[in-house]
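See structure below.
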Amino acid sequence: MKRRLILAGCTALTLALGATACGGGPVTTASGGGKSLNGQTLTVAGVWSGAEQKNFQKVLDAFSAKTGAKTQFVSTGDNVSTVVGSKIEGGNAPDVVMVPQVGVLQQFAKNGWLTPLSATAEKSVDANFATVWKHYGSVQNKPYGVYFKAAHKSTVWYSPEALDQAGVTPPRTYAELLKAGQAVSDSGLAAFAVAGEDGWTLTDWFENIYLSQAGPQMYDRLAGHAVPWTDPSVVKALTTLGRLFADKQLIAGGQKGALSTDFPGSVEKVFGPEPEAGMVYEGDFVAGVAKDQFGRKIGEDAAFFPFPSVDGGDAPVVSGGDAAVALEDGKNKKAAMAFVEYLATPEAAAVWAEAGGFLSPNKALDLKSYGDDTTRRTAESLVGAGDSVRFDMSDQAPAAFGGTKGAGEWKLLQDFLRDPSDPKGTAAKLEAAAAKAYQG
């Protein structure tokens with residue numbers, strides 16, 4: 001939800017963390033082959049528009065060529081649940097929905113809107129994806145979704161020129177990150193551009209620190225509100241984040257400047273014509289803005305390093321993604337499940353990978369399918385993280401807490417950026433907002 005406006009116009013390239021082995025035999029069979037779906041029309045709904053929609057259309061066209069089915073894409077805009085719900089009520093349900101949030105997938109399943117995966121689709125998921133992706137596509141241990149497109153949100157983008165001028169190399173720990181930031185600011189540029197006007201970027205800062213510092217199990221518990229936001233682990237992560245937020249020298253424009261900077265503006269402050277900072281943290285989609293809007297060559301004058309480890313924890317890999325689900329009320333159930341089965345194959349992922357602006361969690365996809373080294377390294381990192389990948393926490397929360405502008409976690413972290421002096425007090429406010437949202 002929160003990244004759609006950005007992603008629609010971006011060519012997502014991006015990041016690296018570690019090497020991976022593909023492991024597990026690829027399953028590439030989709031039912032409905034041999035033009036067996038001739039005469040059927042498949043309607044697919046999703047949030048994509050612009051370049052993303054055009055590239056997804058290539059996937060739809062490849063499915064049509066394979067099966068004979070005609071396809072139609074419906075762009076829902078950000079509010080997928082409302083649009084799909086109204087279409088179901090009006091008797092005009094799409095056959096497949098590309099769902100961008102775990103919370104929405106769970107809501108659809110609990111509403112009885114979804115058809116469970118076929119045995120063929122489940123077999124492909126088991127063979128081609130880390131178990132964690134099946135978990136995020138399941139509700140009460142019943143699999144409904146296939147994660148087709150992913151984002152990698154554990155990357156820090158930087159100007160190589162700025163780091164060279166400061167005499168620093170990409171850091172591996174959070175302590176080294178702050179030290180490198182100090183060196184950059186001493187050399188004349190602010191260390192970081194922070195997009196504080198967009199509250200979702202601040203949730204991503206918190207999530208990476210928390211995942212590394214507290215570990216995956218605590219991350220899962222907090223994501224499900226099984227531990228309160230007043231837990232000491234939350235206060236500790238806020239304290240760690242607050243050390244950066246409190247240092248006016250490290251942030252371009254200080255706290256006030258950060259709170260009036262949106263996401264594209266934060267990228268501009270590093271990669272635009274008049275740089276104000278040396279680094280900007282956000283996901284792989286930073287590369288698209290740097291390349292498309294500011295003409296930067298990715299890998300040369302715009303580069304990244306993995307979000308560093310915090311207090312001895314593992315380097316975090318936070319992700320997001322779009323899952324294909326088949327609707328119970330769809331008019332073409334056979335075509336719908338055949339398409340979901342197709343999206344679970346490396347064959348389908350390769351179509352968009354070759355077009356660009358795409359990352360797949362499918363470990364059977366040949367990395368050579370990606371058109372550039374930076375995206376290749378990003379994909380390798382995402383797949384290589386295996387079951388340690390964690391889905392964006394705020395996207396797992398009720399929207400009232402984790403996905404609403406001017407409310408909940410977004411607003412409270414903006415308040416914390418403005419004044420990071422009371423991590424305990426912020427944690428208490430976060431818990432009050434979370435408790436209300438999770439009960440709703």
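The values are calculated or read from the model by the stated rules, or taken from the named source; none is laboratory data. Remember, predicted model here, so these are calculated numbers, not experimental data. Please note: Cβ atoms are built from the backbone with ideal geometry, for glycine as well, and neighbour counts cover all protein chains shown. Remember, those area values only see protein heavy atoms, side chains included, never the ligands or the DNA or RNA. Shrake-Rupley method; radii C 1.70, N 1.55, O 1.52, S 1.80 Å.
Here the convex hull built on the C-alpha positions of the range 34-139 has a volume of 123 cubic angstrom per residue.
How high is the relative contact order of the range 228-286? Use alpha-carbon pairs under 8 Å, at least six apart in sequence, and give a whole percent. Relative contact order of the range 228-286: 18 percent. Solvent exposure of Asp292, expressed as accessible area, is near 70 Å², computed with a probe of 1.4 Å over the protein chains only. Ordering Thr71, Thr120 by accessible surface, largest first, gives Thr120, Thr71; the 1.4 Å probe counts only protein heavy atoms, with every chain in place. Across the range 138-250, the relative contact order, built from alpha-carbon pairs under 8 Å that are at least six residues apart, equals 22 percent. Solvent-accessible area per residue in the range 130-266 equals 36 Å², computed with a 1.4 angstrom probe and all protein chains kept. Rolling a 1.4 Å probe over the protein heavy atoms leaves Met218 with an accessible area of roughly 40 Å².
Largest accessible area first, the residues His152, His225 order themselves as His225, His152 under a 1.4 Å probe with ligands, DNA and RNA left out. Here the contact order of the chain, divided by its residue count and restricted to Cα pairs under 8 Å and six or more residues apart, works out to 30 percent.
Please tell me which of these pairs span more than 26 angstrom C-alpha to C-alpha: Lys248/Lys297; Lys149/Lys334; Lys248/Lys429; Lys142/Lys236? The pairs that break the limit, which is 26 Å between Cα atoms, are Lys248/Lys297; Lys142/Lys236.
Please identify the longest segment of the chain free of exposed trypsin sites (Lys or Arg not before Pro), where exposed means a DSSP state other than H, G, I, E or B and no more than 15 other Cβ atoms within 10 Å.
On the way: sites that count: Lys35, Arg172, Lys248, Lys297, Lys405.
That gives 36-171 as the longest site-free run.
Quick one: with all protein chains in place, what share of the accessible area of the chain is carbon or sulfur, to the nearest percent (1.4 Å probe)? Could you put the intermediate results ahead of the total?
Details: 8040 of 16440 Å².
Percent of accessible area from carbon and sulfur atoms in the chain: 49.
Rounded, prolate or oblate, given the Cα gyration tensor of the range 303-440, with a/c below 1.5 counting as rounded? Show your work: numbers first, answer last.
Values: a/c = 2.88, a/b = 1.44, b/c = 2.00.
Here the range 303-440 falls in the oblate category.
Both the radius of gyration and Dmax for the chain are 21.2, 67 Å, in that order, over alpha-carbon atoms.
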